[in-house]
Amino acid sequence: MSQAVRTRPEGSGQPLSEAYDTALLDLDGVVYAGGHAIAHAVDSLAVARTGGMHLAYVTNNALRTPDAVAEHLTELGIPTGADDVITSAQAVARLISEQVPAGARVLVIGGEGLRVALRERGLTPVESADDDPAAVVQGYGGPDLTWGRFAEASYAVARGVPWFASNTDLTIPSGRGIAPGNGAAVEVVRIATGREPQVAGKPLPPMHKETIIRTGAERPLVVGDRLDTDIEGAFNGGVDSLLVLTGVTDGAQLLAAPPQHRPTYVDADLRGLLTGQPEVTVGSDGFRCGGFTATAGADRLELEGEGEPLDGLRALCAAAWSAAGDGSCGLDGGKALARLGL
Ligand SMILES: [Mg+2]
């Protein structure tokens, strides 16, 4: 990767919804959480779409079909067609189709989203290692996936059948807490067989490729809440990104981000799509944004001034990322973040 190391969030004189033609939106922690729309998501997306921005939804979850995801979004008040949903099931199905003969049988360990995506690519989903599969694919199967399915995958993988995973997210948020994600299920088969799967989902290139093919985006903006999937996926694809703080990432994680996890922009929630983004400038006294000035001290980050908390966070990002260079900032930002309520 030959990109310059990002040392501060960028500014934008235009609203992001006008500066970019397509938003590639993550779902969980960005648009909804636990089945409910996140604050300001429905209204902000409606304004962005009315203004001409194409909205597409990009999810690592392979369980549900694009139709089911689109229906859920539409019920939440975000009118969405199935064509505007891109899943890791579609990305892994394309990856498999590039490596096996047309019409090949594929052993599926996962849900309906995977089966539909395989058929869309002309492949034939099968259920048993004895069905002579040309590939094995593993995707999130929901709470009803049984232990016997992992055994089925292991029989085929252990005898050398090529193995694919839609994604390797270790956890999946549920209304009751953190549940094992597809990555945890992949670990089960990896431990049993000692083999490694090919993976399609964010932050890896097959998912980005699938998204660009399906949306035709020319100036895409990735919008996400996770540094190691959404933001790293954008970095790997050479695409700008907006981090929103409505999901799993907090201020301390953002300040400690290594280069591939540093977003182009950061904002509180999806209202950030509708506004310009303030510049962070360098002065003799430190990094300035809005009413704040941030500096890197010997062992901690310092913050002076008053104003919008997000401007303070942007100034702190510049101080932390500049001090860290191509590494990860180890300076304590706790006191400065507490001042901002972040
Ligand atoms: Mg997310």
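The values are calculated or read from the model by the stated rules, or taken from the named source; none is laboratory data. Because the structure is predicted, anything quoted here is derived from the model rather than measured. Virtual Cβ from ideal backbone geometry, glycine too; neighbours counted across all protein chains shown.
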*Enumerate the pairs (first residue in region 27-52 and more than 17 Å from Asp267 (Cβ to Cβ); second residue anywhere and surrounded by fewer than 18 Cβ atoms within 10 Å (Cβ to Cβ) and modelled with pLDDT under 95) with beta-carbon separation below 7 Å, excluding pairs fewer than 6 apart on the same chain, so at least 6 apart or on different chains.*
Asp28/Pro173; Gly34/Gly175; Gly35/Gly175
*Kindly provide the set of residues from region 250-285 that are under 14 Å from Val223 (Cα atoms), in contact (Cβ under 8 Å) with a residue 40 or more places away in the chain and in a helix (DSSP H, G or I), ordered by number.*
Leu270, Arg271, Gly272, Leu273, Leu274
_Could you tell me how many of the residues in region 11-37 are farther than 16 Å from Thr229 by Cβ and either buried (at least 22 other Cβ atoms within 10 Å of the Cβ) or of a type in the set (Lys, Arg) (or both)?_
4
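Do we have any residue at all in region 196-210 that's of a type in the set (S, T, N, Q) and out of contact with any Leu (no Cβ under 7 Å at 6 or more places or on another chain)?
Filtering region 196-210 for residues of a type in the set (S, T, N, Q) gives 198.
Imposing the further condition that a residue be out of contact with any Leu (no Cβ under 7 Å at 6 or more places or on another chain) reduces the set to none.
Within region 196-210 (the criterion being of a type in the set (S, T, N, Q) and out of contact with any Leu (no Cβ under 7 Å at 6 or more places or on another chain)), the answer is no, since none of the residues qualifies.
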_Enumeration of residues in region 8-55 that are closer than 30 Å to Ser174 by Cα and of a type in the set (Lys, Arg)_ = Arg49
*State yes or no: is Pro197 under 13 Å from the mean Cα position of the chain (by Cα), more than 13 Å from the ligand (Cβ to nearest atom), surrounded by fewer than 23 Cβ atoms within 10 Å (Cβ to Cβ) and touching a residue at least 12 places away in the same chain (Cβ under 8 Å)?*
no
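If I filter region 6-42 down to residues being of a type in the set (Ser, Thr, Tyr) and touching a Gly at 6+ places or on another chain (Cβ under 9 Å), which single residue comes out as nearest to Ser88 (Cα to Cα)? Can you show your working first?
Residues of region 6-42 of a type in the set (Ser, Thr, Tyr): 7, 12, 17, 20, 22, 32.
Keeping just the survivors that are touching a Gly at 6+ places or on another chain (Cβ under 9 Å) gives 7, 12, 17, 22.
On the way: Thr7: 31, Ser12: 31, Ser17: 25, Thr22: 19 Å.
Taking the candidates together, the pick is Thr22.
Would you be able to say whether some residue in region 220-241 is within 14 Å of the ligand (Cβ to nearest atom), more than 13 Å from the chain's Cα centre (by Cα) and either assigned to a strand (DSSP E or B) or within 23 Å of Ala48 (Cβ to Cβ) (or both)? Don't jump to the end; show me each part of the working.
Step one: list which residues in region 220-241 are within 14 Å of the ligand (Cβ to nearest atom), which gives 222-234, 241.
Narrowing further to those that are more than 13 Å from the chain's Cα centre (by Cα): none.
No, region 220-241 contains no residue that is within 14 Å of the ligand (Cβ to nearest atom), more than 13 Å from the chain's Cα centre (by Cα) and either assigned to a strand (DSSP E or B) or within 23 Å of Ala48 (Cβ to Cβ) (or both).
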*One residue from Asp83, Asp43 being more than 16 Å from the ligand (Cβ to nearest atom), under 19 Å from the mean Cα position of the chain (by Cα) and either part of a loop (DSSP other than H, G, I, E, B) or of a type outside the set (Gly, Ala, Ser) (or both)*: Asp83
*For region 1-29, how many residues are touching a helix residue (DSSP H, G or I) at 6+ places or on another chain (Cβ under 7 Å) and either within 16 Å of the ligand (Cβ to nearest atom) or modelled with pLDDT of 95 or more (or both)?*
12
